[in-house]
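Okay, so here's the structure we're looking at.
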């Protein structure tokens, strides 16, 4: 037994995180203390060398049950987000990787579902530590899910919204002991992770699309203004000509922000309803004024006849 323990310790010193138990003397009373020691050393190493990318804390009641949080990778729609999760370390660790589940809705992985590391990249590595698993998870966030189990696919704007929401409050999950760790981790990550960027610049494709959209709107605006002043039948891209065609395309002249162009269906409906109300208001007042004028004319005529 002592020789086997010394063999284990010697292999652990050569590679502090990769261990291969050999022979038939796999005794639980030897593996369990070694696993606890290995987990404790790894946790202490992460505490002594803290990272701004993640934070881990273990439950006192179960050292193999950890809470963690990671930051969204920079330059992606996850940037600025804080994503909490749970780590369960199997008895075969480090020969088997830790089991990770996310608690924060993120738009890439399902919550409270074991994460698929996709293709064995993580399993085939010689060093399979919790740190490696968390860094791998950060790498996987902006990747295409490709139908992997436990994955979801949201568009970039939805993921940015979720990244912003992830900072507002820590998730509520589990026992009081676990919730205390979650809150502590969340406070730490808030101090390390910068806010979600406004993304006003966007990537190059977004800028190109906005530029094309702005130029197109400028051309339409110029055509509409020319049509309004000239009121001619010589108009381009018009189903009808004259003043009523300008009224039809009046919505394209409405001032709008760079990101929220006044072309969505709900805004079109609201604007069309507003125009109807304005026209109704004008018509009612016109009839009212006409009735007053008629009453004045009739009254004057009656007075003249009496005189």
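Only one of 97, 145 is in contact with a strand residue (DSSP E or B) (Cβ under 8 Å, 6 or more places away or on another chain), part of a loop (DSSP other than H, G, I, E, B), at pLDDT below 90 and in the same structural domain as residue 181 (by TED's automatic domain parsing); which? Walk me through it before giving the result.
Working: 97 fails: in contact with a strand residue (DSSP E or B) (Cβ under 8 Å, 6 or more places away or on another chain).
The unique qualifying residue is 145.
Please pick out the residue among 77, 42, 32, 60 that is at pLDDT 90 or above and loosely packed, with under 15 Cβ neighbours inside 10 Å.
The match here is 60.
Checking each residue in the range 41-88 for being in contact (Cβ under 8 Å) with a residue 24 or more places away in the chain and at positive phi picks out only 80.
Only residues that are under 17 Å from residue 82 (Cα atoms) and either without any contact (Cβ under 8 Å) to a residue 12 or more places away in the chain or surrounded by 13 or more Cβ atoms within 10 Å (Cβ to Cβ) (or both): list them for the range 129-153, please.
Here is the first cut: in the range 129-153, the ones under 17 Å from residue 82 (Cα atoms) are 131, 133-142.
Those that are under 17 Å from residue 82 (Cα atoms) and either without any contact (Cβ under 8 Å) to a residue 12 or more places away in the chain or surrounded by 13 or more Cβ atoms within 10 Å (Cβ to Cβ) (or both): 131, 133, 134, 135, 136, 137, 138, 140, 141, 142.
The values are calculated or read from the model by the stated rules, or taken from the named source; none is laboratory data. Nothing here was measured: the structure is a model prediction, and the numbers come from that model. A quick note on method: Cβ atoms are made from the backbone with ideal geometry, for glycine too, and the neighbour counts reach across all protein chains shown.
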